[in-house]
């Protein structure tokens, strides 16, 4: 069971990151080109939100069944264990919270520019945080 969840978490990460990158790029293009915020733009951001939340749920399950997760919290001197048991989950939860805040804030905004700006800032920060704490040596 652990190996299936681990492979799913790693595989889904490619899709979740791709959709999140598309959402960030779309919001930057919308902001720079001053285009009108449409239903398509909203759906792109929503797919980014759904993809990253699915990744979070699978990651939380993995955290509690993995020998590299909760069970290794006491071994903070090992850089890889610290990354997988503390830094990766904590920073990614913060990143996903930022993405969720960006989604929530955009619903209250009236102008296209402010919606694109909100997505650019919050989704962009979330993406940077996620990319900063991926255990690249284990993932690639």
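For this structure, a couple of remarks:
- Among residues that are out of contact with any helix residue (DSSP H, G or I) (no Cβ under 6 Å at 6 or more places or on another chain), more than 22 Å from residue 28 (Cβ to Cβ) and at pLDDT below 90, residue 80 is included.
- Within the stretch 119-140, the set of residues being touching a residue at least 40 places away in the same chain (Cβ under 8 Å), within 18 Å of residue 101 (Cβ to Cβ) and over 11 Å from the mean Cα position of the chain (by Cα) comprises 119, 120.
- Test: residue 88 is surrounded by fewer than 17 Cβ atoms within 10 Å (Cβ to Cβ), within 16 Å of the chain's Cα centre (by Cα) and either touching a residue at least 24 places away in the same chain (Cβ under 8 Å) or in a helix (DSSP H, G or I) (or both): no
Residues are listed down the side, and each one gets a yes or a no for (1) assigned to a helix (DSSP H, G or I); (2) over 23 Å from residue 94 (Cβ atoms); (3) in contact with a strand residue (DSSP E or B) (Cβ under 7 Å, 6 or more places away or on another chain); (4) without any contact (Cβ under 8 Å) to a residue 60 or more places away in the chain:
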| site | (1), (2), (3), (4) |
| --- | --- |
| 14 | yes, no, no, yes |
| 17 | yes, no, no, no |
| 27 | yes, no, no, no |
| 37 | no, yes, no, no |
| 58 | yes, no, no, yes |
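The values are calculated or read from the model by the stated rules, or taken from the named source; none is laboratory data. Keep in mind the model is a prediction, meaning the values are calculated, not measured. For neighbour counting, all protein chains shown are included, and Cβ atoms are generated from backbone atoms with ideal geometry for every residue, glycine included.
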